[in-house]
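Before we start, here is the structure in question, set down as structure tokens.
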Amino acid sequence: MKEEQLFQIADVENQIQDAPAVMLYFSSESCSVCRVLKPKVISLVDSSFPRMKFFYIDIEKSPQLAGNFRVFTIPTILVFFGGKEFFRKGRSFGIDELAKDISRPYDLIFNE
């Protein structure tokens, strides 16, 4: 998957409304936990949820996005289905837990 970064609120909101499944990964380059977790999250999305769009948001470069989505700690993952926030995970979470939380709604939407 090609990593895409978003910087503008309008761009993020358009993606959320246009795609059936979206994951936003809020992080920063200075966060060591975020750097370790990010490739694992990307691998999970690639292998298990290929129709989900993944976007990286660097809160140091786009603090207005963090504020708009009420992200106060990193890493934070927001998952949207059908234009609505379905859940968020912040700070400490596991890849298995994330996969479990995404599986059911993803399967319902994409009938897999």
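Once label points are set 7 Å from the Cα along Cα→Cβ at both Arg104 and Val33, what is their separation, rounded to one decimal in nm?
If labels sit at Arg104 and Val33, their model points lie 2.6 nm apart.
Would any residue of the stretch 31-61 have its amide N under 15 Å from a label point 7 Å out along Cα→Cβ of Arg91? List them or say none.
33-34
What Rg and what Dmax come out for the chain when only alpha-carbon atoms are used, in angstroms?
12.9, 39
Note down the magnitude of the dipole of the stretch 19-59 about its Cα centre, charges +1 on Lys and Arg C-beta and -1 on Asp and Glu C-beta and zero elsewhere, to the nearest 20 debye.
Here the stretch 19-59 has a charge dipole of around 120 debye.
Could you check which residue among Val41, Val33, Val79 shows the biggest mean-square fluctuation in a GNM of the chain with a 10 Å Cα cutoff?
The residue that fluctuates most here is Val33.
Same structure, new question: Please identify every one of the GluC sites (Glu not before Pro) in the stretch 2-101 that sits in a loop by DSSP and has no more than 16 other beta carbons within 10 Å of its own beta carbon.
Passing sites in the stretch 2-101 are Glu3, Glu29, Glu60.
From the helices alone, meaning DSSP H stretches of at least four residues, give me the mean residue ellipticity at 222 nm for the chain, per-run term -39500 (n - 2.57), in deg cm²/dmol to the nearest 500. Can you show the working numbers first?
Values: 4 runs with 49 residues, N = 112.
Calculated from helices alone, the mean residue ellipticity at 222 nm is -13500 deg cm²/dmol.
Within the stretch 1-74, list the trypsin sites (Lys or Arg not before Pro) lying in a DSSP loop whose Cβ has at most 10 other Cβ atoms in a 10 Å radius. Numbers along the way, then the final one.
Working: sites: Lys2, Arg35, Lys40, Arg51, Lys53, Lys61, Arg70; in loops: Lys2, Arg51, Lys61, Arg70.
In loop regions of the stretch 1-74 (DSSP not H, G, I, E or B), the sparsely surrounded trypsin sites (Lys or Arg not before Pro) are Lys2, Arg70.
All of the numbers you see were taken from the coordinates with simple rules; none came from a lab. Bear in mind that the values here come from a model prediction, so they are computed numbers and not experimental data. Positions of Cβ are backbone-derived with ideal geometry, glycine not excepted, and every protein chain shown enters the neighbour counts.
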